[in-house]
């Protein structure tokens, strides 16, 4: 039986509303800038160890003449390496702690072509002076309620192309660790909501996947492992800390460079992109 367009969920479902409903059930919502201000240093350290940035930039294939808008830039996971590949970067984030770290990294690396500003998704970008750029990117930063508006803002600020990196499944979050300390893990809506909404908006995007193992982080000892997992786990209660220590006691193994988890996970991100000409 052929389904008519009116009975096809792809056409009838409001994917923006579906995104909002899915976010209501998300555990550990991180849309508050106070969360990121507190976690800025530990998250930035974790992000620097990941192979994600290298993979994203390979797919981006930056051009020397480009201007790039990096939305939700964090402490410069992409902006720092990208600065040496393009003409100009405007990097925005709603966390002033992240922007402070990015500015410090720019000074450290002698970068003068990165303009970092404390601006969030919900702010008026025109009023904040955000001009049109050749390319707009939102890398793992779609922590928004109104997805449609966020995607349109990106689209409107790009002359050539837009790149969005979105969660696939659990992403970098280790479900085994959450279960070990007695917490649920619901990461909320992933990339398929983004792709389907773009389709409804008349934007026919491409999807490519960045597949890599976890960071393969090593730790000096058990205490170091517990401390460094702070980027993933918020507000550990004393009993949760003990469960986490117990989990690491069972699953940390000695390596040549320290201690590491005895298993590796596959972490996937969807890189969704579209051309303005299309």
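FYI, it's all coordinate maths here, none of it is from the lab. Keep in mind that this is a model prediction, so the values were computed, not measured.
Normalised by the number of residues in the range 121-252, what is the relative contact order in percent for Cα pairs under 8 Å and 6+ residues apart?
Values: 97 pairs, mean separation 26.6, N = 132.
Result for the range 121-252 is 20 percent.
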All-pairs Cα distance distribution in the range 97-239, expressed in whole percent, bin size 10 Å
8, 29, 33, 23, 7, 0
Could you compute Rg(Cα) / (2.2 N^0.38 Å) for the range 80-138, with N its residue count?
1.11
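Hey, any idea what the orientation-averaged projected area of the convex hull of the range 102-184's Cα atoms comes to, in nm²? List each step's numbers first, then the result.
Details: hull surface 32.3 nm².
Over all viewing directions, the range 102-184 projects a mean Cα-hull area of 8.1 nm².
Above 22 angstrom, tally the Cα pairs of the range 173-269 and express them as a % of all pairs, no decimals. Mind showing how you got there, number by number?
Numbers: 1989 of 4656 pairs.
Looking at the range 173-269, the distances longer than 22 Å represent 43 percent of pairs.
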